[in-house]
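Here's the structure, in structure tokens; my notes come after.
What follows draws every value from the coordinates through simple rules; no lab data is involved. In this text the structure is predicted, and so the values were computed from the model without any measurement. Using ideal geometry, Cβ is built from the backbone for each residue, glycine included, and neighbour counts are taken over all protein chains shown.
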């Protein structure tokens, strides 16, 4: 564990209801197989940890294995860098719930903004997991930016409190010690966002402290299953479908489908369409109340620019600029193009409006997402 001493107990932002976590622990104690999952962004994926085994998710998985040696404990890391809870709810079925998980952390607090929009997408994700067939236990994890202390925990933890889901945070623990000078940000992170091995060990320590607290009280029978409450938000994201070339057939004028096999969830530019032709278009019929478009923002520039038009409303078209201003790599970008529409089918047109003679790569449309 970490060489730095922090008060991990301060990281418990909401104790929540322990019924499902205890049920998972009791299942493991009986020697039954359990699956622990980790859903989130690049920190969960393990970006900047020196090995996959030194990221916080794997360290927490190892705690489960060591605590319950009589059980087979399976590990699912569903972290994808640069993604938000809006994409999380659209992929949670295939990337997490399909593995019949018993326990999962949910970590999007440095990828989501602290806004009502992401409070709504986060609530949709929490509800989708909470009401899934396997009824998994959840722990909300709030990571933090180490240069300014920003994250989305205010909005995320309001959801956690409403659903009585335990929440832990790195803000009053690791970041507080950076802020007061106990150690520097470079002791735990190289870029003020992604933990190094020391930082991952500290993140795991905050989570494991909470799990140890539950384990210590395992025989106490105070908790009962909590019925899912009514939504706090408009809740138009709980059910989300990605329209890609393997499950949809849009009207196509000038785009080429990409049938490259996807062998890993982090091969993110798959099952979409590409084009370098000005005026090329794809037209989808999408079911839902909120609609988003996923596309590639490329560091190789220039690249074509497109626009998205919903139900013929050209005045409120959304520009999809494939040129990425950052330098760390291509981004799987998501833009909300319509929100809180009347429930039903909607026409979504994607059209390339700008090309350049020296375009380095084509415009890549990854998916259109319909949510309700």
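Given a Förster distance of 25 Å, report the FRET efficiency between residue 360 and residue 264 from their Cβ-Cβ distance, rounded to the nearest 0.05.
Step by step, r from the Cβ atoms, then E = 0.50.
Just subtract the alpha-carbon distance of residue 224 and residue 53 from 0.36 nm times their residue separation and send over the number in nm, one decimal.
Numbers: separation 171, 0.36 × 171 = 61.56 nm, distance 3.47 nm.
Gain in length upon complete extension: 58.1 nm.
In the P(r) worked out for region 222-372, what percent of Cα pairs fall beyond 24 Å?
Working: 4000 of 11325 pairs.
The share of Cα pairs beyond 24 Å in region 222-372 comes to 35 percent.
Mind checking the alpha-carbon convex hull of region 247-309 and giving the volume per residue in Å³? Spell out each step's value before the answer.
Details: hull volume 7.9 nm³, N = 63.
Residue-normalised Cα hull volume stands at 126 Å³.
Can you give me the three principal axis dimensions of region 25-139 from its C-alpha atoms, in Å, biggest first?
43, 36, 21
Rg and Dmax of region 285-325 over Cα atoms: what are they, in angstrom?
Reported Rg and Dmax, both Å: 12.2, 34.
May I ask you to work out the translational diffusion coefficient for the chain at 4 °C, viscosity 1.567 mPa s, via Stokes-Einstein with Rh from the Kirkwood sum over Cα pairs, reported in whole µm²/s?
For the chosen part, D equals 60 µm²/s.
Between residue 5 and residue 278, with labels modelled 7 Å along Cα→Cβ, what's the label distance in nm to one decimal, could you check?
6.8
Could you bin all the Cα-Cα distances of region 75-142 into 10 Å bins starting at 0 and give me the percent of pairs in each, rounded to whole numbers?
Percent of pairs per bin, in order: 21, 59, 19, 0.
So for region 8-216, what are the equivalent ellipsoid semi-axes in whole Å, largest first, each being the square root of 5 times an eigenvalue of the Cα gyration tensor?
Largest first, region 8-216 gives 24, 20, 16 Å.
What's log10 of I(q)/I(0) for region 1-81 at q = 0.14 Å⁻¹, Debye sum over Cα points only, no solvent?
Debye intensities relative to I(0), on a log10 scale: -0.59.
Neighbour counts of other C-beta atoms within 10 Å: give me 170, 202 arranged from fewest to most. Before the final figure, lay out each step's value.
Values: 170 31, 202 26.
With the sparsest Cβ surroundings first, the list reads 202, 170.
Once Rh is set to the Kirkwood radius over Cα pairs, what Stokes-Einstein translational diffusion coefficient, in µm²/s, holds for region 312-372 at a temperature of 10 °C and a viscosity of 1.306 mPa s? Display every interim value, and only then the final one.
Details: Rh = 14.1 Å.
Diffusion coefficient, whole number: 112 µm²/s.
Based on alpha-carbon positions alone, could you give the equivalent ellipsoid semi-axes of region 122-225 from the gyration tensor, as √(5λ), descending, whole Å? Before the final figure, lay out each step's value.
Working: eigenvalues 160, 57, 27 Å².
Taking √(5λ) for each Cα gyration eigenvalue gives 28, 17, 12 Å.
Cα axis of helix 56-67 to longest principal axis of the chain: angle in degrees, 0 to 90, nearest 10?
Rounded to the nearest ten degrees, it is 40.
If one puts a single equal scatterer on every Cα of region 112-180 and applies the Debye formula without solvent, what log₁₀ I(q)/I(0) results at q = 0.28 Å⁻¹?
Evaluating at q = 0.28 Å⁻¹ gives log10 I(q)/I(0) of -1.23.
Can you give the FRET efficiency for residue 180 and residue 252, using 1/(1 + (r/R0)^6), R0 = 35 Å, r = Cβ-Cβ distance, to the nearest 0.05?
Efficiency, from the Cβ-Cβ distance: 0.05.
So for the pair residue 313, residue 327, with labels modelled 7 Å out along Cα→Cβ, what separation do we get in nm?
3.9
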